[in-house]
Amino acid sequence: MVAPNGACVDSLRYPDIADLMSRLHFSPGDGRIWLDDQRMLLVHTGAVGTMRRELIESLGIDAARGLLTRMGYHSGARDAELARKVRPDNSITEMFAVGPQLHMLEGMTVVEPVRLEIDVERGKYYGEFVWKNCAEDEEHIRIYGIGAEPVCWTQIGYAAGYTSVFMGRPVLYREVECRALGQSQCRIIGKPVEDWGEEAADDLRFMQAQTFTQGLSAAGAHSDRAAASLGGTSAPGAFGDENMVGASPGFNAICHMIQRVARTRATVLFLGESGVGKEVCARTLHRISACSDGPFVAVNCGAIPEALVESELFGVEKGGFTDATQSRPGRFERANGGTLFLDEIGILSMTAQGKLLRALQEGEIERVGDTQTRRVNVRVVAATNLDLKDEIRAGRFREDLYFRLNVFPIRVPSLRERREDLPILLNHMLRKYRERHARDVTGFTGRALDAMLNYGWPGNIREMENIVERGVILAPDGGAIDISHLFISGETVDAQMFGIGDDGSLTASGSLLDQANRTGSGEVERVTRKVNSLLLGIGGDVEPTSLDDIETALLKSAVQRAGGNLSAAARTLGITRPQLVYRLKSRGLRV
């Protein structure tokens with residue numbers, strides 16, 4: 001194994017498994033098994049093998065492999081939530097060992113590490129493991145015998161899901177040896193998705209619920225191509241419609257729904273909280289629909305004054321009102337042959353709703369001030385964050401319009417319901433804003449990941465974009481984003497997380513957030529823990545920190561406390577100004 005600072009360690013000794021066993025509870029009285037707060041099942045491997053065969057024979061081997069891989073990803077991602085909760089005061093490698101140990105505890109396989117490199121703050125990861133006594137390949141071999149492809153699909157998904165959530169960025173594993181190939185054992189290698197390059201393109205597709213999504217990773221150039229296909233400008237924020245990324249069950253469910261309705265002419269109503277990405281879903285629906293060659297026209301109904309709704313939607317004829325000096329087509333006409341997206345449909349006034357209902361029923365419109373009826377061929381897609389049934393009961397929304405729009409409703413889940421996608425989204429946004437602002441930011445600290453995984457995200461993806469962009473701007477050059485760079489606008493992290501305080505004691509998450517705001521740097525905290533551990537014998541086993549790291553932290557802190565005055569900083573450190581300048585330059589720090 002290789003430790004985070006590159007030092008070689010002979011082997012990874014798994015910590016005692018008692019802390020994990022204590023979280024496993026059998027409750028036969030009410031028919032439940034619990035691992036912490038997650039309900040578990042004991043299932044016969046033979047039954048799993050039967051299900052596997054049914055999937056392969058009914059869906060085909062590729063579809064079955066994709067389904068089982070994504071199922072494993074979900075399981076691994078849920079187990080990763082236990083890692084820092086169970087072992088908050090352990091080293092990073094002992095924390096990571098929760099995954100392999102749970103994999104063994106859950107009866108899947110024996111996991112033996114070959115090589116492990118972890119640097120969460122810089123986003124660096126390399127993992128090589130040997131699997132022995134795999135239940136999955138045993139069942140596959142029993143049914144199909146020795147073949148030509150690796151078959152530990154669920155286990156590969158588990159490893160990817162666990163490591164992705166633990167690292168805060170998508171990590172892909174490939175099975176390079178497998179007993180189903182006639183080899184003596186199974187061997188896997190895991191690296192961040194971007195480190196694989198084109199080599200892993202075939203493996204990545206099994207993380208995609210539909211071919212129009214990007215699974216674990218979105219290429220930055222896709223959003224530009226999507227913008228061009230949709231008539232010019234890209235969708236606001238970090239995502240275009242071709243950047244739909246995710247692997248969670250909630251994300252996959254809406255992708256299946258979009259795929260089912262895309263080739264029809266049915267009206268679609270996207271429901272969900274503000275900021276969940278309803279417009280991105282609408283643009284995706286248009287891109288894969290039969291009218292994809294036509295225009296995509298988006299209208300924010302809440303941004304149109306009531307007096308202008310009719311002219312905006314249906315157009316105006318010259319002289320139709322005082323300021324109408326020329327004829328102008330409305331949004332329905334501009335969307336002819338394509339898709340009209342009506343966002344925030346629940347905010348329209350009752351008068352505007354009546355005019356919209358007629359257009360939807362008859363498929364024809366009249367411009368303001370015109371007597372000519374015009375036929376339009378438009379696929380209408382609407383979205384709202386309101387409960388329209390409540391709005392109907394309150395007398396603010398027409399029931400007949402609701403039934404006209406509610407032909408095919410699709411509920412877009414909140415970010416709280418798709419936590420398995422957080423590493424994928426965080427990685428995409430980090431790359432996006434790092435390039436946009438030309439910042440050299442390596443990744444997220446461990447405690448920043450803990451906080452984001454446990455934060456409620458009331459603003460969903462839109463809020464995440466803002467927070468990650470803020471972190472990219474505030475983080476130090478060449479450093480990682482810490483809690484103090486993210487949650488500076490009154491956000492509260494309510495989850496019961498614990499970490500090591502400066503005095504070596506366990507500290508609740510709220511205190512960690514306050515402490516992060518005071519210290520301002522995860523690097524300083526790490527060095528402080530190391531010094532305390534060495535000099536005072538407190539803090540337990542902390543991740544290795546070199547003498548050079550300690551000196552660099554001292555130099556940065558002295559310059560910061562002196563407000564950039566190098567002479568004052570040098571006096572604080574007991575050295576001369578030229579000596580300070582030399583040390584700063586030798587570390588590539590700005591002078």
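Here the 3J(HN,Hα) profile of region 23-32, calculated from phi with Karplus coefficients 6.51, -1.76 and 1.60 at θ = phi - 60°, is 9, 9, 10, 9, 10, x, x, 10, x, 9 Hz, Gly and Pro shown as x. The label-point distance for H437 and R561, in a model that sets each label 7 Å from Cα toward Cβ, rounds to 2.8 nm.
Taking packing as the residue-averaged number of other Cβ atoms within 10 angstrom, the listed peptides 23-36, 451-464 run from highest to lowest as 451-464, 23-36.
Summarised as an ellipsoid, region 255-303 has semi-axes of 19, 14, 9 Å, derived from the eigenvalues of the Cα gyration tensor scaled by 5 and square-rooted, with the largest first. Extending 7 Å from the Cα toward the beta-carbon at both E362 and R587 defines two label points whose distance is 7.5 nm. Positive end of the charge dipole of region 18-207 (Lys, Arg +1 and Asp, Glu -1 on Cβ, about the Cα centre): tell me which of H103, L172, A200 has its Cα farthest that way. Most positive-ward Cα: H103.
When +1 charges are put on Lys and Arg Cβ atoms and -1 charges on Asp and Glu Cβ atoms, the dipole computed for region 18-207 relative to its Cα centre reaches about 300 debye. Cα convex hull, region 18-207: 118 Å³ per residue, rounded to a whole number.
Take each peptide in 50-56, 136-142, count the other Cβ atoms within 10 Å of every residue, and average; sorted highest first, the result is 136-142, 50-56. Full extension of the chain segment joining R265 with D36 gains 77.8 nm, where the gain is 0.36 nm per residue of separation less the Cα-Cα distance.
Rg and Dmax of region 546-591, both derived from C-alpha coordinates alone, stand at 9.4, 27 Å.
Using the Cα coordinates of region 137-220, the gyration tensor eigenvalues translate into equivalent-ellipsoid semi-axes of 25, 14, 11 Å, sorted from longest to shortest.
Coordinate-derived values only; no laboratory data. Note that this is a predicted model, so its numbers are computed, not measured. Here Cβ is always computed from backbone atoms with ideal geometry, including for glycine, and neighbour counts include all displayed protein chains.
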